[in-house]
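The values are calculated or read from the model by the stated rules, or taken from the named source; none is laboratory data. Remember, it's a predicted structure, so these values are computed and weren't measured experimentally. Every residue, glycine among them, receives a Cβ derived from its backbone with ideal geometry; neighbour counts consider all protein chains shown.
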Amino acid sequence: MIAIAGGHGKIALRLTQRLSARGETVVGLIRSPEHANDVRAHGGEPVLCDLEHAGVPEISAAVTGAAAVVFAAGAGPGSGPERKQTVDRDGAIKLLQAARAVDVPRYLIISSVGAEDPPAGDDVFSVYVRAKAEADQAVQASDREWLIVRPGRLTDDPGTDRVRLDVEPFRGEIPRDDVAAVLDGLLLRERAARLILYVNRGGTAVEQALQDLP
């Protein structure tokens, strides 16, 4: 079973569809009952659990029995600096604490390019990147089999199943379809752990790019 926080997000729904198509049980943590039907339509089982306001015990109950959790949540466009911290940072950290509490071994987080050197400003974007960086630092310090995925600018273009994956920072853009394909492939590869991966459009098939990982 795979548990996805932010289960109604654009990448999360794409990942849910991929996982369920190959027979995985997928639990999608959602903040609103209105999102439940969309999660079901993509093959997942919705669980009402608002990471921003839930405590670690409630989140732990939602992910109990999972082989991996994926943090795909975010405050979203239009949200202010405070919610970047309470969702993008604190939500990720609470999910991490919950994973430890119920011994979920693997933790994947969708981060952002720029988190390796976050800006110091008070504008919303700077606060967002710092929130991502602080969440990533907590994940790296944990004892989980963690993976941090840092895409560039996300688009809704159709996926190409061709990417560039690198452990060194680089900028670009990538369809959400292809981010979901990379996450799906990482979940299949048990040996892939404790890596920070940058991903954008590229010329290498996703499967080959994952095979070439260190």
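Pairs, please: C-beta under 6 Å, at least 6 apart or cross-chain, first residue at negative phi and without any contact (Cβ under 8 Å) to a residue 60 or more places away in the chain and in region 111-139, second assigned to a helix (DSSP H, G or I) and of a type in the set (G, A, S)?
These pairs meet every condition: A115/A133; P118/A133; P119/S126.
Can you tell me which residue is surrounded by the most Cβ atoms within 10 Å (Cβ to Cβ) among those in region 62-78 that are among the aliphatic types (A, V, I, L, M) and assigned to a strand (DSSP E or B)?
So, considering only residues that are among the aliphatic types (A, V, I, L, M) and assigned to a strand (DSSP E or B), the one surrounded by the most Cβ atoms within 10 Å (Cβ to Cβ) is V70.
Just for region 146-180: of the residues that are touching a strand residue (DSSP E or B) at 6+ places or on another chain (Cβ under 8 Å), over 18 Å from V129 (Cα atoms) and in contact (Cβ under 8 Å) with a residue 60 or more places away in the chain, which one is surrounded by the most Cβ atoms within 10 Å (Cβ to Cβ)?
Filtering first and then ranking leaves V179.
Listed residues R153, R144, R171, R162; which is more than 21 Å from G7 (Cβ to Cβ), in contact with a helix residue (DSSP H, G or I) (Cβ under 8 Å, 6 or more places away or on another chain) and basic (K, R)?
So the residue among R153, R144, R171, R162 that is more than 21 Å from G7 (Cβ to Cβ), in contact with a helix residue (DSSP H, G or I) (Cβ under 8 Å, 6 or more places away or on another chain) and basic (K, R) is R162.
Would you mention how many residues in region 1-25 are within 26 Å of G55 (Cβ to Cβ), surrounded by fewer than 24 Cβ atoms within 10 Å (Cβ to Cβ) and touching a Gly at 6+ places or on another chain (Cβ under 6 Å)?
Residues in region 1-25 being within 26 Å of G55 (Cβ to Cβ), surrounded by fewer than 24 Cβ atoms within 10 Å (Cβ to Cβ) and touching a Gly at 6+ places or on another chain (Cβ under 6 Å): 1 in total.
Test each condition in (1) crowded, with 20+ Cβ neighbours inside 10 Å; (2) farther than 26 Å from R100 by Cα for Q208 and report the one that comes out false.
Tallying (1) crowded, with 20+ Cβ neighbours inside 10 Å; (2) farther than 26 Å from R100 by Cα, Q208 fails exactly one: (1).
On the basis of being modelled with pLDDT under 95 and more than 15 Å from the chain's Cα centre (by Cα), does D143 make the cut?
When the stated conditions are applied, D143 does not pass them.
Going by the structure shown, is I30 touching a His at 6+ places or on another chain (Cβ under 6 Å), within 28 Å of E134 (Cα to Cα) and touching a residue at least 12 places away in the same chain (Cβ under 8 Å)?
yes
Sort out for me the helices (runs of 4 or more DSSP H) sitting completely within region 109-214 that have 3 or more residues that are over 22 Å from L13 (Cα atoms).
Helices (runs of 4 or more DSSP H) meeting the threshold: 124-140, 206-211.
Among the residues of region 79-108, which ones are aliphatic (A, V, I, L, M) and either surrounded by fewer than 21 Cβ atoms within 10 Å (Cβ to Cβ) or not in a helix (DSSP H, G or I) (or both)?
I93, A101, V102, V104, L108 - these are the residues of region 79-108 that are aliphatic (A, V, I, L, M) and either surrounded by fewer than 21 Cβ atoms within 10 Å (Cβ to Cβ) or not in a helix (DSSP H, G or I) (or both).
Show the residue pairs meeting these rules: Cβ distance below 8 Å; 6+ apart or different chains; first residue within region 192-214 and free of Cβ contacts under 8 Å to residues at least 60 places away in the same chain and at negative phi; second residue buried (at least 18 other Cβ atoms within 10 Å of the Cβ) and of a type in the set (D, E, K, R).
L197/R150; V199/R150; V199/D178; R201/D178; V206/D178
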